[in-house]
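The structure appears below as structure tokens.
The values are calculated or read from the model by the stated rules, or taken from the named source; none is laboratory data. Here the structure is a predicted model, which is why all the values come from computation and not from measurement. Positions of Cβ are backbone-derived with ideal geometry, glycine not excepted, and every protein chain shown enters the neighbour counts. For accessibility, only protein heavy atoms count, side chains too; no ligands or nucleic acids. Shrake-Rupley method; radii C 1.70, N 1.55, O 1.52, S 1.80 Å.
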2 protein chains.
Amino acid sequence: VNTEFELLHKLKVKHSLNLIGDDCAVLPKDAVTDLVITADLLIQDIDFRLEWTAPELLGHKVLAVSLSDIAAMGGTPIWALMSIGVPPVLWENGFVERLFDGWHRLAAKYGVELVGGDMSRSDNVVVDSIAAGHVPKGGAIRRSGATAGDGIFIAGTIGAAAAGLSLLESGKRLAGATCSEEPLLIKQLQPTPQVDIAKSLQSHGVASAMIDISDGLSSDLRHLCRTSLVGATLRSDALPIDGDLRALFPPDQALELALHGGEDFALLFTGDAKKILDLDLPGVSLIGEVTSTVETIRLIQSGGDTILEPKGYRHF
Amino acid sequence: VNTEFELLHKLKVKHSLNLIGDDCAVLPKDAVTDLVITADLLIQDIDFRLEWTAPELLGHKVLAVSLSDIAAMGGTPIWALMSIGVPPVLWENGFVERLFDGWHRLAAKYGVELVGGDMSRSDNVVVDSIAAGHVPKGGAIRRSGATAGDGIFIAGTIGAAAAGLSLLESGKRLAGATCSEEPLLIKQLQPTPQVDIAKSLQSHGVASAMIDISDGLSSDLRHLCRTSLVGATLRSDALPIDGDLRALFPPDQALELALHGGEDFALLFTGDAKKILDLDLPGVSLIGEVTSTVETIRLIQSGGDTILEPKGYRHF
């Protein structure tokens with residue numbers, strides 16, 4: 001039996017799918033612009049639980065997931081499609097309209113226009129979110145451009161969304177959450193895509209490779225390293241572990257969530273460390289260095305170095 | 001409770017969705033080309049049954065549905081995305097690979113490249129098919145351009161896919177089908193999009209409005225009439241009822257399937273009757289005339305005229 005990545009690789013080879021394998025496909029638009037496009041399928045009880053969220057938050061999140069993919073290419077989001085399958089009972093109680101409300105609230109913030117989609121009856125809620133963006137021709141930031149010696153950076157913080165998930169799993173809900181729990185629940189249920197910082201990185205031309213942290217740092221850094229044919233050294237004490245997470249969870253658990261927890265939609269990127277630090281971009285942390293030991297990720301900790309194995313989320 | 005069309009209308013007004021409501025959205029690409037794009041969500045036991053089909057046929061059909069939407073705008077398909085949710089048991093038995101095989105067999109015929117998508121675990125099979133095409137700038141054929149006096153045409157035949165569905169519902173399967181049943185089952189399970197005739201109509205500039213017959217002639221003609229603010233008169237004896245359907249079903253049942261059955265993916269279009277007939281395009285039939293009686297569709301039959309009410313498929 002194949003893992004998700006093995007099957008994808010098999011299909012790519014078999015059908016010569018050269019545009020697949022990054023956060024977005026890059027397609028020629030016009031003389032000065034490329035189009036980047038991405039699709040994300042979210043399925044009830046796999047990717048979200050209706051008992052844990054609200055239709056407006058779900059609408060926000062499905063678009064946020066796709067905007068994060070656009071951001072990971074250095075793109076500016078422009079338009080989107082959304083296909084929705086819902087059971088009749090939700091059709092009748094206004095669920096779809098509320099989901100669109102949440103979707104549009106986020107879309108309006110970035111000037112994204114809904115141009116299409118489909119609606120169907122289904123047993124469980126299913127949402128496929130497609131978003132497209134523009135990037136200057138040849139300027140998309142791919143996973144494959146990292147070279148040994150580059151600095152490794154994160155834009156945003158990590159671990160909070162996974163902490164929010166663990167709170168939900170332990171029975172906590174937004175209604176009735178304490179002040180220290182609420183921000184973690186919000187970061188899980190209504191994540192913020194790093195659209196502006198991505199555009200800034202693109203326009204400065206400083207990122208050699210980029211990916212969004214959707215599966216978890218250990219998995220997504222592995223993807224970037226595999227595609228770039230490099231390795232990495234990370235400094236544990238440099239990780240931008242979310243402040244709300246550190247306030248509520250013990251340090252070892254916070255580190256675990258930051259290393260392996262997904263859905264923060266922070267951006268992981270590489271590039272000339274000095275140039276990037278000189279830009280003094282808000283919320284950007286230098287966390288390590290690209291090495292030439294292909295796919296090996298070394299984690300430097302006070303207790304001694306370890307090899308970081310991917311433990312992020314996999315569907316199969 | 002809203003119907004699908006009422007909710008869509010409500011959302012369009014509420015969120016100013018000006019690009020939604022045709023077979024595809026039309027987006028500017030470059031100085032000479034527009035991009036047309038469409039999404040179709042197909043859900044197990046609503047849109048297809050695994051017991052009735054094969055993974056390769058399903059892969060073919062999900063792409064055919066989207067190519068038909070591109071055709072309905074007069075577009076040339078270029079690239080596509082596909083998101084798939086499957087249960088673990090199908091992941092393990094090669095279902096996904098076979099579905100991709102069927103998809104790519106059709107894609108290769110039209111030079112369509114898979115550029116993205118997503119895969120997820122789910123309880124039922126879910127496929128969201130997104131396809132994009134090119135059309136000369138300003139040249140997309142919309143639903144809204146029909147005017148009184150235009151001829152009404154169909155490219156292709158109608159009724160066969162619905163007949164195939166009724167055979168499947170009565171227990172017939174491809175394995176063990178008779179020679180007269182098989183073509184109807186194939187037209188349901190592996191429909192042919194009218195890509196070439198659509199490009200021909202676009203390049204000749206003769207179609208004033210177009211829609212693909214996916215829900216059924218009575219419903220899709222109604223959509224076209226509503227959008228164009230016109231009515232229609234159809235001649236029952238001019239309908240291109242599928243030959244295999246006529247051979248196997250009694251005339252009244254064949255007519256019923258042709259009028260209301262969906263999924264044939266024939267094209268319904270309007271335009272100057274003489275000009276279109278002069279082109280002598282293969283498989284194109286003149287079936288009636290556009291009138292000024294908004295949304296009223298009159299059916300001329302030997303037994304007397306009737307008003308044709310939409311009875312096509314609706315999810316809600």
Other chains near B:31-38: what is the mean number of their Cβ atoms within 10 Å of each residue's Cβ?
-> 3
Between B:T178 and B:A108, the FRET efficiency computed from the C-beta separation at R0 = 45 Å comes out, to the nearest 0.05, as 0.90
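Give the shape of chain A as rounded, prolate or oblate, defined through the alpha-carbon gyration tensor: a ≥ b ≥ c are the square roots of its eigenvalues, a/c under 1.5 means rounded, and otherwise the shape is prolate if a/b is larger than b/c and oblate if not. Can you show the working numbers first?
Numbers: a/c = 1.59, a/b = 1.19, b/c = 1.34.
It is oblate, given that a/c is not under 1.5 and a/b is not larger than b/c.
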Cα extents of the protein assembly as shown along the principal axes, largest first, in whole Å, come to 90, 49, 44
Hydrophobic long helices for chain A, i.e. whole DSSP H runs reaching 18 angstrom or more by Cα along the axis with Kyte-Doolittle mean at least 0.0, come out as A:55-72
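For Cα pairs less than 8 Å apart in space and 6+ apart in sequence, what is the mean separation divided by the residue count of the stretch B:52-147, i.e. the relative contact order in percent? Present the calculation step by step, with values, prior to reporting the outcome.
Working: 152 pairs, mean separation 44.0, N = 96.
Relative CO of the stretch B:52-147 lands at 46 percent.
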Label model pair B:A31, A:E92: point-to-point distance (7 angstrom along the Cα→beta-carbon line) in nm is 5.7 nm
Averaged per residue, the 1.4 Å probe accessible area of the stretch A:110-255, protein heavy atoms only, in Å², is roughly 35 Å²
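Relative contact order of chain B: what whole-number percent is it, with Cα pairs under 8 angstrom and at least 6 residues apart? Walk me through the numbers on the way to the answer.
On the way: 705 pairs, mean separation 70.7, N = 316.
Relative contact order for chain B comes out at 22 percent.
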Quick one: of the DSSP bridges fully inside chain A, what percent are antiparallel, nearest 5?
-> 75 percent
If amide H atoms are built 1.01 Å from N in the plane of the peptide, which residues on other chains or at least 5 residues away come under 5 Å of the amide H of A:G117?
-> A:M82, B:A39
B:E51-A:D278 pseudo-label distance in nm [points 7 Å out on the Cα-to-Cβ vector] = 6.9 nm
Using the Karplus curve 6.51 cos²θ - 1.76 cosθ + 1.60 with θ = phi - 60°, work out ³J(HN,Hα) for each residue of the stretch B:142-148 in order, rounded to whole Hz, and write x for Gly and Pro.
-> 9, 6, 9, x, 6, 10, 3
Sorted by chain and number, the residues with a modelled amide H under 5 Å from that of B:K137, at a separation of 5 or more or across chains, are B:T33, B:D34
Put +1 on the Cβ of each Lys and Arg and -1 on the Cβ of each Asp and Glu in the stretch A:118-226; which of A:P193, A:L167, A:V127 then has its Cα farthest toward the positive end of the dipole?
-> A:P193
Inter-label distance for B:D196 and B:Q253, nm, one decimal - labels placed 7 Å from Cα along Cα-to-Cβ = 3.3 nm
Once amide H atoms are built 1.01 Å from N in the peptide plane, which residues 5 or more positions from B:A209, or in another chain, come under 5 Å H to H?
-> B:T270
Summed buried accessible area for A+B [probe radius 1.4 Å, Å², rounded to 100] | 5200 Å²
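Say R0 is 22 Å: what FRET efficiency, to the nearest 0.05, do B:E6 and B:Q301 get from their beta-carbon distance? Mind showing how you got there, number by number?
Numbers: r = 31 Å, r/R0 = 1.41.
E between B:E6 and B:Q301, to the nearest 0.05, is 0.10.
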Which of the lysines could a cross-linker span from B:K275 if the Cα-Cα distance has to be under 20 Å and same-chain partners fewer than 8 positions apart are dropped?
-> B:K199
Taking a cut-off of 24 Å between Cα atoms, list the lysines near A:K14, but don't count ones fewer than 8 places away on the same chain.
-> B:K61, B:K109
For label points placed 7 Å from Cα toward Cβ, what is the shortest-first list of nm distances from A:D305 to its copies?
-> 8.8
How far apart are the A:D278 label points across copies, placing each 7 Å from Cα toward Cβ, in nm, shortest first?
-> 6.9
Put a label point 7 Å from Cα along the Cβ direction on B:R235, then list its distances to the equivalent points in the other copies in nm, shortest first.
-> 8.4
